[in-house]
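Student: The structure is given below, and queries will be raised subsequently.
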Amino acid sequence: MYLQAKGKFSKQAHVDIPTGTYEEEFGRDGFFGPVSHLYHQNPPTGWTRIEGPLRPHAFNTHQLPQSALLHAVPDRVTMLYNEDVAVQVVRPKQTHPWYFRNADGDEVYFIHEGEGTLETDFGEMPFETGDYIIIPRGTTYRFVLAGSQNFFLIFESHSRVVEPERGILGQHALYDQTVIETPVPTTPSNQENTTGHEWEVKVKRLNELTSVFYPFNPLDTLGWKGDLTVLKLNVRDIRPVMSHRVHLPPSVHATFKAHGFIICSFLPRPLESETGAMRVPFYHRNIDYDEVIFYHSGDFFSRDGIQSGMVTFHPQGIHHGPHPKAIEASWQKTQTDEVAVMIDTVRPLQITQEALAAEWADYWKSWQDTKLKSEANAE
Ligand SMILES: [Fe+2]
């Protein structure tokens, strides 16, 4: 359909919003498809109550069941899931003696807390806080933990996890492929065979574990070549894309993607500097994606009451956008100071009972201070 524009509107989205209005982006296909901007007299998040299951959620992952080991299925607490991906949290305290292999899907680990060595079929590599680690389906591995304080966020993907297209930004945008690290073949410290010793590999398929035993250490690779391996990317090596003149959509912060979802990283960056340009996420109902954000570190200025380790979940069909305090706070700031991981999913996500038990039940009320002036008036 040909572009239409009627009534009060801004010629450039997210800039110079008409006085007394609240701009909402109503779009398809995430931020890639047809879109209209609606200029409301009231914030779309100014609800007084919500009846029924569809409401914004926030979960405190510190209230989830504490896990002792890393790969025992009951210890990986699934919070949200659909046919394409499961969002899990695990807080292992000790290294286990066996190796793990996931036949159910690729895994993207985000190391919220912890460090140590990752042992894999491809060799070893160190890991630390802020790492994304992609482990292809079928890889044999284990995390050797340096300490007892560890907190990993896991996205278990049914399909292959790949890098996003850079398009007109060029291939070195977001992050250069050279900063991606891969394991180096080394002889594991427990390689020596001793009489009677056996090595165990636990294989997960359909969320059930099968143990395979060897009279030798199966991580015995002397070398490898190819383009299928374990990858590591730390958030400090990601270079956010921004414009000083207009607030860009979250999709420009894409880090990885797979069938049915995209993972984005929100990192410290300068705020938009031109007068009239919005500095906080615009109101939207993002009808084709469910949105989940894990808050890693920093000051989450666009979300009131959110602390490190919390997860917000904004399902398709209901609005979200900045909290009223965040709009005013944005005018006092010149840059963001947050590290957060977002996953947007095409298929609606289901919430597990474990996640509901850790829910901040009043999160949906956190937008209710809606009588503040609109961003345009706040100048
Ligand atoms: Fe969103």
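The values are calculated or read from the model by the stated rules, or taken from the named source; none is laboratory data. Note that the structure is predicted; figures quoted are calculated from it, not measured. With ideal geometry, Cβ positions are generated from the backbone for all residues, glycine too; neighbour counts draw on all protein chains shown. Note: areas computed on protein heavy atoms with side chains; ligands, DNA, RNA excluded. Shrake-Rupley method; radii C 1.70, N 1.55, O 1.52, S 1.80 Å.
Student: Would you please state which residues of region 349-369 a label at E328 would reach in this model, taking the label point 7 Å out along Cα→Cβ and a backbone N cut-off of under 19 Å?
Tutor: 365-369
Student: Keeping to pairs on different chains or 8 or more places apart, tell me how many lysine pairs in the chain have Cα atoms under 20 Å apart.
Tutor: Taking the Cα cut-off of 20 Å, the pair count is 9.
Student: Ok, one more. Over the chain, how many percent of alpha carbon pairs lie in each 10 Å bin up to the one with the longest distance?
Tutor: 5, 22, 31, 22, 12, 5, 2, 0, 0
Student: Could you run the Karplus curve 6.51 cos²θ - 1.76 cosθ + 1.60 with θ = phi - 60° over region 247-252 and give me ³J(HN,Hα) per residue in whole Hz, x for Gly and Pro?
Tutor: 6, 7, x, x, 4, 6
Student: Let me have the relative contact order for region 65-235, percent, based on Cα pairs under 8 Å that are six or more residues apart.
Tutor: In percent, rounded to a whole number, it is 27.
Student: Which FRET efficiency value, to the nearest 0.05, is calculated for N42 and H62 with the Förster distance at 45 angstrom and r the Cβ-Cβ distance?
Tutor: Step by step, r from the Cβ atoms, then E = 0.80.
Student: Would you calculate the separation in nanometres between label points at A146 and F32, each defined as 7 Å from the Cα along the Cα-to-beta-carbon direction?
Tutor: 3.8
Student: Please report the relative contact order for the chain, taking Cα pairs under 8 Å with a sequence separation of at least 6, and give it as a percent rounded to a whole number.
Tutor: 23
Student: Still on this structure, please answer the following. Let me check I have the definition right: for region 65-235, take the eigenvalues of the Cα gyration tensor, multiply each by 5, take square roots. What are those semi-axes in whole Å, largest first?
Tutor: 26, 20, 16
Student: Run the numbers for E165 and Q307: contour at 0.36 nm per residue of separation, minus the present Cα-Cα distance, in nm.
Tutor: Length gained between E165 and Q307: 48.0 nm.
Student: Carbon-plus-sulfur fraction of the accessible area of region 65-235, 1.4 Å probe, in percent?
Tutor: 52
Student: For region 159-170, just list the computed ³J(HN,Hα) in residue order, Karplus coefficients 6.51, -1.76 and 1.60, θ = phi - 60°, integers in Hz, with x standing in for Gly and Pro.
Tutor: Coupling constants for region 159-170: 10, 5, 8, 10, 7, x, 6, 8, x, 6, 6, x Hz.
Student: T186 to E354: extension gain in nm, 0.36 nm per residue of separation minus the Cα-Cα distance?
Tutor: Going from the current span to full extension adds 56.6 nm.
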